[in-house]
1. What number of residues within the stretch 318-329 satisfy the criterion of being surrounded by fewer than 20 Cβ atoms within 10 Å (Cβ to Cβ) and either β-branched (Val, Ile, Thr) or modelled with pLDDT of 95 or more (or both)?
2. Output the number of residues of the stretch 351-391 satisfying the condition of being of a type in the set (Lys, Arg) and modelled with pLDDT of 90 or more.
3. Mind listing whichever residues of the stretch 39-54 are part of a strand (DSSP E or B) and of a type in the set (Gly, Ala, Ser)?
4. For the stretch 66-87, check the following and say yes or no: at least one residue is modelled with pLDDT of 95 or more, in a helix (DSSP H, G or I) and under 22 Å from Asp203 (Cβ atoms).
5. Does Gly99 satisfy the condition of being surrounded by fewer than 19 Cβ atoms within 10 Å (Cβ to Cβ), more than 27 Å from Arg264 (Cβ to Cβ) and in contact with a Leu (Cβ under 9 Å, 6 or more places away or on another chain)?
6. Check whether at least one residue in the stretch 154-171 is modelled with pLDDT of 95 or more, over 22 Å from Arg247 (Cβ atoms) and in the same structural domain as Arg256 (by TED's automatic domain parsing), and report yes or no.
7. State whether the residues of the stretch 298-314 include one that is of a type in the set (Asp, Glu), surrounded by 18 or more Cβ atoms within 10 Å (Cβ to Cβ) and either out of contact with any Ser or Thr (no Cβ under 8 Å at 6 or more places or on another chain) or within 21 Å of Thr34 (Cα to Cα) (or both).
8. Just to be sure before I move on: is Thr104 among the hydroxyl-bearing types (Ser, Thr, Tyr), over 18 Å from Gly13 (Cα atoms) and crowded, with 17+ Cβ neighbours inside 10 Å in the structure I sent?
Amino acid sequence: MAPPLRIGIAGLGTVGAGVVRMLARRKDDIATRTGRKVEVVAVSARDRNRNRDCDLSGVRWFDDALALARDPDIDVFVELIGGSDGIAKAAVEAAIEAGHDVATANKALLAHHGVALARAAEAKGVGIAFEAAVAGGIPIVKTLREALLGNRVERVSGILNGTCNYILTRMKDEGLSFESCLDQAQQLGYAEADPTFDVDGFDTAHKLALLASLAFGVQPDPEAIHVEGIRSITLADLDAADELGYRIKLLGVAARSGEAVELRVHPTMVPKHWPIAQVSGVTNAVAVDGDAVALTLVGPGAGGDATASAVVGDLCDLATARPRAVFGWPAVNLRPAGKPAIQRHEGGYYIRLAAVDRPGTAAAIARHMAEQNISLESIMQHRRGRPHGGDRADSAEDPAPVVLITYATTEDAVRRAIAAIEIDGVIASPPQVIRIEKD
């Protein structure tokens, strides 16, 4: 049997402690299947006295993660500190310089500094494994980097943030407001005290940047992604989507567009029969469309056990395989992803307008749509107040909610039409626009 793979873990929170427990619980099977033992020999964390419910006897303790990263008596440095800069970045750089492989769950670090870290790792002949950085326990990194090499991938899309999916699921199933669902998500630990990173789409964008690199060979770059969150989604939108045969999900989408790659994160209407539309709660899902196969992977997107499972899988790979190109393509070959060009996006649109109740309103809306060559697939108008029900009677002072569903058109055309409608003063509040994905 080969010599043991010696692991140093920086960060002993829920995930780090879970990795220690999992390696201990599975040590015999891991050794049998990889041909060598995988042993935690050193750790680093801020508090030595905290009870972590894992056996650290015989494990060397470092107060400084940088010192652990440089330790010559480890083979793999596991970074579970978090953050795109600071000690996490410095420690990973130090580990690479010391000739150690790295395993990390840090999507922000790789999204912002992945190209530089990949170049350094490949120059040193070491690997950076990051299955745990995207979609928790779903093995999407390995799938894109290895299993689908026979495919030309055309599109990768997914529910990549469990907090947003939980909120949208509760809103739809229980008729609760966004604010109420967010509060419950925070109480359950699904959302941070400051939920901005999750609900405004930035977490999804970091993960999408990594998936795009794996699928299309572009440099990970969150700035190249058009990002919208879910704060604007209302019960009226969820009800209308249901009536039209859709579910609303926050999707990250990376798709070929000629020689370019379109990258976007936003609320999306997806047909109810799509597998991804049926994914509820904190669960994640990733759909990959290749020229040979199409598949959807569903599983836990976060949590100690799911993330620890992904880290341990990476460690087993590092125990048996030579380091691969970090993003599946040599870092020197990764090309710039470009900047957002959402105006050129083509597809169907859901547009909800609070139409003023006066003569000429409908004609003005129709005229501005026609001026932009936008064809309407359907028009829905419900009684005033909240569509599909409410707890008060109609009032002539209320705007009339009108929902337009367009045939395929461009983002630019939709935005031009809406701007003209707003100038005309025939709507009482900013319109809601949600992109539609169709078969």
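1. Selection size over the stretch 318-329: 1.
2. Selection size over the stretch 351-391: 2.
3. Ala42, Ser44
4. Yes, some residue in the stretch 66-87 is modelled with pLDDT of 95 or more, in a helix (DSSP H, G or I) and under 22 Å from Asp203 (Cβ atoms).
5. no
6. yes
7. Yes, some residue in the stretch 298-314 is of a type in the set (Asp, Glu), surrounded by 18 or more Cβ atoms within 10 Å (Cβ to Cβ) and either out of contact with any Ser or Thr (no Cβ under 8 Å at 6 or more places or on another chain) or within 21 Å of Thr34 (Cα to Cα) (or both).
8. Considered against the rule, which asks whether it is among the hydroxyl-bearing types (Ser, Thr, Tyr), over 18 Å from Gly13 (Cα atoms) and crowded, with 17+ Cβ neighbours inside 10 Å, Thr104 comes out as no.
The values are calculated or read from the model by the stated rules, or taken from the named source; none is laboratory data. This one's a predicted model, so the numbers in the text were calculated from it and none came from an experiment. Heads up, the Cβs are rebuilt from the backbone with ideal geometry, glycines too, and the neighbour counts pull from every protein chain shown.
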